[in-house]
Amino acid sequence: MKTCEYAGPAFGDPRSHPWRGTKGSAGSRYYDFTASPERIRSSLEDFRPWAHYPAIQAFYGLLERLNHVGSVLESNDSAFEAPHGNDSRAAGEANECSGRVMVLFRALSRNTTEDDIPRLKDELHGALAALDPDFQSGVVGTTLVPVRYLLLPERNGQQLGTQLMISFWAWGSTEADSMKNLGRVLQNLTEALSTLGALSSARS
């Protein structure tokens, strides 16, 4: 499966974890899905209108695996941009949909080292490259995002670290086709992250 290093939006000041509200959506709020997994299928406002598509159910399944009690990873934030006309040059199909999910280590101090999040990123690219090599209608991108971990001690920069932003895109000739291809992207991403969760657990 195709992957890329994605520059993403401009990140100036570090994001926070946990976060409270956003500039663009005052009603948005952080939920700890490790403590309240039942909220995964009810609280993500970008995804709810499209939940009749299997791809969105696949995304919920991905979050449930990331935030499962046995996982060393968890998710922080996610977003979805519904199918719309494709105005990019990344693919020739008429329709595009996209989204993202932020991933971090549950042991917060691991997100503040120089190695753990960058290694997770590199291993994700490697795992995805081995999956579904003939698939051309979707791509996964990664971005390292600066984060301030508010639950860590506030001294000597101990709160400063990173998260892995995983962005994904899918294309198709119709809305239904783009959502079908999104499901394929998310299936591959779930398989890759499940493998990496096991690798990361062995190191921790």
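The values are calculated or read from the model by the stated rules, or taken from the named source; none is laboratory data. Quick caveat: nothing in here was measured; it's all calculated off a predicted structure. FYI the Cβ positions are ideal-geometry reconstructions off the backbone, even for glycines, and counts take in every protein chain you see.
Just need a number here: residues in the stretch 42-53 that are of a type outside the set (Phe, Trp, Tyr), surrounded by 14 or more Cβ atoms within 10 Å (Cβ to Cβ) and either part of a helix (DSSP H, G or I) or touching a Cys at 6+ places or on another chain (Cβ under 8 Å) (or both).
So in the stretch 42-53, the residues of a type outside the set (Phe, Trp, Tyr) come out as 42-46, 48-49, 51-52.
So of that shortlist, the ones also surrounded by 14 or more Cβ atoms within 10 Å (Cβ to Cβ) come out as 43-44, 46, 51.
In the following step, the residues that additionally are either part of a helix (DSSP H, G or I) or touching a Cys at 6+ places or on another chain (Cβ under 8 Å) (or both) were identified as none.
Residues meeting the conditions: 0.
Go over the candidates Ser173, Ser178 one by one and state the one that is under 19 Å from the mean Cα position of the chain (by Cα) and not acidic (Asp, Glu). Quick ask: steps written out before the conclusion?
Values: Ser173 fails: under 19 Å from the mean Cα position of the chain (by Cα).
Result of the check over Ser173, Ser178: Ser178.
Conditions first: (1) assigned to a helix (DSSP H, G or I); (2) basic (Lys, Arg); (3) modelled with pLDDT under 80. Arg39 passes all but one, so which condition is the exception?
Every condition holds for Arg39 apart from (3).
Going through the stretch 148-172 one residue at a time, which ones are surrounded by 14 or more Cβ atoms within 10 Å (Cβ to Cβ) and either in a loop (DSSP other than H, G, I, E, B) or not hydrophobic (A, V, I, L, M, F, W, C) (or both)? Walk me through how you get there before you give the answer.
First pass over the stretch 148-172, keeping only residues surrounded by 14 or more Cβ atoms within 10 Å (Cβ to Cβ): 148-149, 152, 159-172.
Listed by number, the residues that qualify are Arg148, Tyr149, Leu152, Gln159, Gly161, Thr162, Gln163, Ser167, Gly172.
Given the conditions (1) at positive phi; (2) in a helix (DSSP H, G or I), which single one is not true for Ile117?
(1)
In the stretch 57-107, which residues are among the aliphatic types (A, V, I, L, M) and without any contact (Cβ under 8 Å) to a residue 60 or more places away in the chain?
Looking only at the stretch 57-107, we keep the residues that are among the aliphatic types (A, V, I, L, M), and these are 58, 62-63, 66, 69, 72-73, 79, 82, 90-91, 94, 101-104, 107.
Matches in the stretch 57-107: Leu63, Val69, Ala79, Ala82.
Looking only at the stretch 71-101, which residues are part of a loop (DSSP other than H, G, I, E, B) and closer than 17 Å to Leu120 by Cβ?
First pass over the stretch 71-101, keeping only residues part of a loop (DSSP other than H, G, I, E, B): 71-72, 86-94.
If the condition is that a residue be part of a loop (DSSP other than H, G, I, E, B) and closer than 17 Å to Leu120 by Cβ, then Ser71, Val72 are the ones that fit.
Matching residues to (1) more than 29 Å from Ser16 (Cβ to Cβ); (2) at pLDDT 95 or above; (3) surrounded by 18 or more Cβ atoms within 10 Å (Cβ to Cβ); (4) not charged (D, E, K, R):
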{"residue": "Phe80", "(1), (2), (3), (4)": "no, yes, yes, yes"}
{"residue": "Asp87", "(1), (2), (3), (4)": "yes, no, no, no"}
{"residue": "Gly99", "(1), (2), (3), (4)": "no, yes, yes, yes"}
{"residue": "Leu104", "(1), (2), (3), (4)": "no, yes, yes, yes"}
{"residue": "Thr112", "(1), (2), (3), (4)": "no, yes, yes, yes"}
{"residue": "Asp122", "(1), (2), (3), (4)": "no, yes, no, no"}
{"residue": "Gly126", "(1), (2), (3), (4)": "yes, yes, no, yes"}
{"residue": "Gln136", "(1), (2), (3), (4)": "yes, no, no, yes"}
